[in-house]
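> Below you'll find the structure I mean.
The values are calculated or read from the model by the stated rules, or taken from the named source; none is laboratory data. Bear in mind the structure is a predicted one, so any value in this text is a computation, not a measurement. Because the Cβ atoms are built from the backbone with ideal geometry, glycine has one as well, and the counts that use them run over all protein chains shown.
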Amino acid sequence: MQNEEIFKAMTQSILDGDSDVAAALAKQAIDQGIDPLEAINQGFVPGVNYVGDQFSCGNMFLPELVMAGEAMKTAISVLEPEMSKRGTERKVYGKVVLATVQGDIHDIGKTLVGTMLAAYGFQVYDLGVDVPIPTVVAKAREVGADIVALSALLTTTMVRQRDVIEALKDIGLRNKVKVMVGGAPVTQEWVQQIGADGYSEDAVGAVNVAKKLMGV
Ligand code: B1M
């Protein structure tokens, strides 16, 4: 396959949300000697951009976004070792420590946000669900996080987002790290109330917010 042809097929694999095809094309690109960075930027990224835009205007729905994100993540996982070998790591916009807050086990939205952030060039440390406040804060300090991203799906666990902000203040990290929050019950009003730096209603918006927080 010519490069243009393989890029087109890569874009289509994301639109189809087909992880197996995306992985096979990523492998094929490596075998053909295509620069993995070029494969991501010219092959897979146009696919997630399209799906993201269509999701934002209501023409595509959550399952398509989830599947596209998963396919993108699978393709990148195939290409990443080759990128490291070639020393052509993608530009990393920033380090994000991501967690669903303590007491909350909802992980679908959080994982989707993590997938999209990683797909768009953030280094994501996903701590999982029900993550204790000290664990979030310690990881942020350990990796030198630029952003702490906190998901909460329950009205009873939203308050943990505020607690993490307070804990960051307590250890003198608050002025070094941005905090973004999200999850179904989170509102702009809540963001202001707890003094977070950013909020988005969905995973595509989360990428835009994170980029804005990093000044890119
Ligand atoms: Co739960 N649950 N649940 N649940 N659950 C809700 C949240 C609820 C609204 C359902 C309802 O009653 N209508 C309700 C909360 C009520 C409230 O507090 N206001 C509820 C409840 C009550 C509970 C339990 C307490 C039920 C019980 O046991 N009695 C229990 C709590 C357990 C716990 O956490 N301690 C519970 C358990 C569960 C399951 C385990 C069964 C399952 C989760 C499975 C899993 O995650 N692996 C589950 C599910 C599936 C839901 C609903 C139905 C769907 C959540 C979901 O995955 N949505 C949910 C109702 C609903 O939301 N409609 C509900 C899809 C996902 C992609 O969207 O997570 O919103 P979402 O993420 C979005 C955005 O919010 C945003 O981007 C994502 C992608 O667009 N976003 C961010 C999310 N995080 C972000 C972070 C960001 C930025 C954006 O920056 C950091």
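> Mind checking which residues of segment 15-41 are closer than 24 Å to L62 by Cα and in contact with a Phe, Trp or Tyr (Cβ under 8 Å, 6 or more places away or on another chain)?
Answer for segment 15-41, where residues must be closer than 24 Å to L62 by Cα and in contact with a Phe, Trp or Tyr (Cβ under 8 Å, 6 or more places away or on another chain): L15, A22.
> Now for a different question. Among the strands (runs of 3 or more DSSP E) confined wholly to segment 110-216, which include 1 or more residues that are buried (at least 22 other Cβ atoms within 10 Å of the Cβ) and within 9 Å of the ligand (Cβ to nearest atom)? Before the answer, list the steps.
Values: elements: 122-126, 147-151, 178-182.
Qualifying strands (runs of 3 or more DSSP E): 147-151, 178-182.
> Additional query: If only one of D170, D130, D202 is within 24 Å of I105 (Cβ to Cβ) and free of Cβ contacts under 8 Å to residues at least 40 places away in the same chain, which one is it? Before the answer, list the steps.
Details: D170 fails: within 24 Å of I105 (Cβ to Cβ); D202 fails: free of Cβ contacts under 8 Å to residues at least 40 places away in the same chain.
That would be D130, the only listed residue that is within 24 Å of I105 (Cβ to Cβ) and free of Cβ contacts under 8 Å to residues at least 40 places away in the same chain.
> Can you tell me which residue among L98, L62, L79 is within 13 Å of the ligand (Cβ to nearest atom), closer than 26 Å to Q12 by Cα and not charged (D, E, K, R)?
None of the other options fit; the residue is L62.
> Under 6 Å between Cβ atoms, at least 6 apart or on separate chains: pull out the pairs that start in segment 95-107 with a residue that is more than 17 Å from A119 (Cβ to Cβ) and among the acidic types (D, E) and end on any residue that is more than 7 Å from the ligand (Cβ to nearest atom) and outside any loop (DSSP other than H, G, I, E, B).
D107/T100
> Taking the condition at negative phi, part of a helix (DSSP H, G or I) and crowded, with 22+ Cβ neighbours inside 10 Å, does L65 pass?
Answer is yes for this residue.
> Looking at segment 30-59, which of the residues that are within 15 Å of the ligand (Cβ to nearest atom), at pLDDT 90 or above and in a helix (DSSP H, G or I) is nearest to G121 (Cα to Cα)?
Here the answer is V51.
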